[in-house]
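Heads up: the structure comes next, in structure tokens.
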Amino acid sequence: MFLHISSPAFGQPSISEPSLAAELVLDGLSFPTGIAFLDENNILLLEKEGSIRLISNGQLQPQPVLQIQGVESNNERGLLGIELMHDRVFLYITESGAQVGGIPTEGDVRNRVYSYTWDGTSLTNPQLLVDLPSGPGTNHQGGKLKIGPDNQLYIVVGEMQREGQLQNFQSGPPPDDTGVILRVNPADGTPSPGNPLSSESADPLSKYYAYGIRNSFGIDFDPVIGKLWDAENGEDVFDEINLVEPGFNSGRKQVMGPLTANAGVSEANLVNMLGSQYADPAFSWAESRGVTEFFESTIFGPSYENGIFVGDITTGTLFYFEPNAGRNGVNLENDPLLSDLVADSDDEMSAVTFGTGFTGITDIETGPDGNLYILTFDRETDGQGSLYRILPTGEIILVEGGEEVE
């Protein structure tokens, strides 16, 4: 059982649902970017500069289970993503000086996805699965990983400020593994069978599930029908949540938000690859936002079961959306302010706000205990971070000096 501290470092977050509250599990973390539950008592925690830490029974263990050397962590680069599959742990890392296929790459910074084996105490047996670019931009790296219901590995790669065909510039450079969602075999990183754009393994398109992605801090699968969703970061307007069908073209950099909000742009202006299709976002914000998670638990009551939580890395706001009946969009039929599926005022944002005061949210996960876990760090305080969980108010236990209050 986790211990719970009564005085969060950044102030107590507020939850709009009176029957629920946010409780601090840990603070004092350093640039935390992701968590993965090994079991009900143990969590692997990523720290952006290269440490993988173990949280055991609510306590951060003093030594990393793995310290990765050569991590490039400036701006949005670093140790960015984690996913589990049985005893295998997948990591997305920006690194320098490593080797790819035995070829030294000293001085060349790359994004790479590795598979490790978890032996119960440490991460061993690293295997390089995917080698990716990391520039020229030091932001927009992507990095989130998910195993889909098809047992394939999905990887978000940001566009890194490139302007190629994958960013919908028709005369731009050819596909280069940026601004995409990859779908690959978790055993060896090869293209998964049935990918939408190509079946030829030598074709770069054969790895792609979606393209036209500017950047994303969160992807997740609908637990009811298995569809993929993402949360995408806009430049200055129109952050999005999207239903990602096979071959999805999100439209960046030509389109932000709904197509009709981009004057003079039509689908004909996009790079329309064979097997692809453009679709408007399921919902957009007029300002920059963050990450996404489906809540696979009944502990909050039936009204939140299998709903969508979206975290905001900019202001630390947590949003909630009920999927529509077909689970191909969000249900906002009873809110006339949001009939256009765009939040462009304070009132409209308040209508979908579930919690505030988390600082920058970097990950959201449903825990084995059925509660929702929120990972945060504050860009303004050198990456000081915290882990919270949201749970029914009757379950909160306050502690003083590290001991439970009876």
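The values are calculated or read from the model by the stated rules, or taken from the named source; none is laboratory data. Owing to the predicted nature of the structure, the values given are computational and were not obtained by experimental measurement. Backbone-built Cβ (ideal geometry, glycine too); neighbour counts: all protein chains shown. SASA here: full protein model, heavy atoms, side chains in, ligands and nucleic acids out. Shrake-Rupley method; radii C 1.70, N 1.55, O 1.52, S 1.80 Å.
For THR314 and GLN69, FRET efficiency with R0 = 30 Å and r from the beta-carbon atoms, rounded to 0.05?
Values: r = 31 Å, r/R0 = 1.04.
FRET efficiency, GLN69 to THR314: 0.45.
Put a dot 7 Å past each Cα toward the Cβ at ASP188 and ASP150; how far apart are the dots in nm?
1.9
Among LEU66, LEU54, LEU387, which one moves the most in a GNM of the chain with springs linking Cα atoms closer than 10 Å?
Answer for the Gaussian network model of the chain: LEU66.
What percent does the relative contact order of region 175-296 come to when contacts are Cα pairs within less than 8 Å and at least six residues apart?
Numbers: 261 pairs, mean separation 31.6, N = 122.
Taking the mean separation of contacting Cα pairs over the length of region 175-296, I get 26 percent.
Can you give me the relative contact order of the chain as a percent, contacts being Cα pairs under 8 Å and 6 or more apart?
Relative CO of the chain lands at 16 percent.
Label point 7 Å out from ASN328 along Cα-to-Cβ: which residues of region 240-268 have amide N under 20 Å?
241-251, 258-260, 267
Under 26 Å from the Cα of LYS207, which lysines turn up, not counting those fewer than eight places away in the same chain?
LYS144, LYS146, LYS227, LYS253
What are the ³J(HN,Hα) couplings of region 240-255, residue after residue, when phi is run through the Karplus curve with 6.51, -1.76, 1.60 and θ = phi - 60°? Round to Hz, x for glycine and proline.
Calculated HN-Hα couplings, in order: 9, 10, 10, 7, 9, 7, x, x, 4, 10, 6, x, 5, 9, 7, 10 Hz.
Could you give me the ³J(HN,Hα) list for region 373-388, computed from phi with Karplus coefficients 6.51, -1.76, 1.60 and θ = phi - 60°, whole Hz, x at Gly and Pro?
Couplings: 9, 10, 9, 9, 8, 9, 4, 7, 10, 6, x, 4, x, 9, 10, 10 Hz.
Quote the accessible area belonging to PHE319 in square angstrom, nearest 10, computed with a 1.4 Å probe and with ligands, DNA and RNA left uncounted.
PHE319 exposes around 0 Å² with every protein chain in place.
List the residues whose amide H sits under 5 Å from the amide H of VAL330, counting only those 5 or more places along or on another chain, with H placed 1.01 Å from N in the peptide plane.
Amide H neighbours of VAL330: ASN324.
For region 221-365, with only Lys/Arg (+1) and Asp/Glu (-1) charged at the beta-carbon, what is the dipole magnitude about the Cα centre, in debye rounded to 20? Write down the numbers at each step before the final one.
Working: 5 positive and 25 negative charges, 82 e Å.
Value, rounded to 20: 400 debye.
Rank by packing, highest mean first: peptides 302-314, 134-146, with packing defined as the count of other Cβ atoms within 10 Å averaged across residues. Walk me through the numbers on the way to the answer.
Numbers: 302-314: 19.5, 134-146: 21.2.
For the peptides 302-314, 134-146, the packing ranking is 134-146, 302-314.
About its Cα centre, what dipole magnitude does the chain give when the only charges are +1 on Lys and Arg Cβ and -1 on Asp and Glu Cβ, stated in debye to the nearest 20?
On the way: 19 positive and 59 negative charges, 237 e Å.
For the chain, the charge dipole is close to 1140 debye.
What is the distance, in nm, between label points placed 7 Å from the Cα along the Cα-to-Cβ direction at SER30 and at ASP236?
Simple spin-label model gives 3.6 nm for this pair.
Between THR117 and HIS86, what is 0.36 nm times their sequence separation minus the Cα-Cα distance? Round to one decimal in nm.
10.2 nm
Can you list residues whose amide H is under 5 Å from LEU129's amide H, if they're 5+ apart or on another chain and H is modeled 1.01 Å from N?
Amide H neighbours of LEU129: VAL113, TYR114, SER115.
If I compute solvent accessible area with a 1.4 Å probe over the protein chains, what percent of it on the chain is carbon and sulfur?
Working: 7520 of 16020 Å².
Accessible surface attributable to carbon and sulfur in the chain totals 47 percent.
Say R0 is 41 Å: what FRET efficiency, to the nearest 0.05, do ALA202 and ILE225 get from their beta-carbon distance? Mind dumping the intermediate values first?
Numbers: r = 33 Å, r/R0 = 0.80.
The computed FRET efficiency comes out at 0.80.
Give me the extension gain from LEU337 to PHE169: residue separation times 0.36 nm, minus the current Cα-Cα distance, reported in nm with one decimal.
Details: separation 168, 0.36 × 168 = 60.48 nm, distance 3.42 nm.
In short, 57.1 nm is gained.
Report the one residue of GLY50, ALA210, THR33 whose Cα lies farthest in the direction of the positive end of the charge dipole of the chain (charges on C-beta: Lys and Arg +1, Asp and Glu -1; origin at the Cα centre).
Value: ALA210.
Using the Karplus curve 6.51 cos²θ - 1.76 cosθ + 1.60 with θ = phi - 60°, work out ³J(HN,Hα) for each residue of region 132-138 in order, rounded to whole Hz, and write x for Gly and Pro.
Values per residue, Gly and Pro as x: 9, x, 9, x, x, x, 8 Hz.
Cα gyration tensor of the chain, axes a ≥ b ≥ c as square roots of the eigenvalues: rounded (a/c below 1.5), prolate (a/b > b/c) or oblate? Spell out each step's value before the answer.
Values: a/c = 1.73, a/b = 1.15, b/c = 1.50.
Because a/c hits 1.5 or more and a/b fails to exceed b/c, the chain counts as oblate.
Send over a whole-number figure in Å² for the accessible area per residue of the chain, probe 1.4 Å. If you can, show how the numbers build up before the last one.
Numbers: 16020 Å² over 406 residues.
Averaged over the residues of the chain, the accessible area is 39 Å².
How large is the helix-only mean residue ellipticity at 222 nm for the chain, computed as the sum of -39500 (n - 2.57) over DSSP H runs with n ≥ 4, divided by its residue count, in deg cm²/dmol to the nearest 500?
Working: 1 runs with 5 residues, N = 406.
So the calculated ellipticity at 222 nm is 0 deg cm²/dmol.
Between THR124 and LEU60, 0.36 nm times their residue separation minus their Cα-Cα distance comes to what? Don't jump to the answer; show the numbers that get you there.
Values: separation 64, 0.36 × 64 = 23.04 nm, distance 2.04 nm.
Difference between extended and current length: 21.0 nm.
Amide H of ILE313: which non-local residues (sequence gap of 5 or more, or other chain) have their own amide H closer than 5 Å, using H built in the peptide plane?
GLY290, VAL291, ILE361
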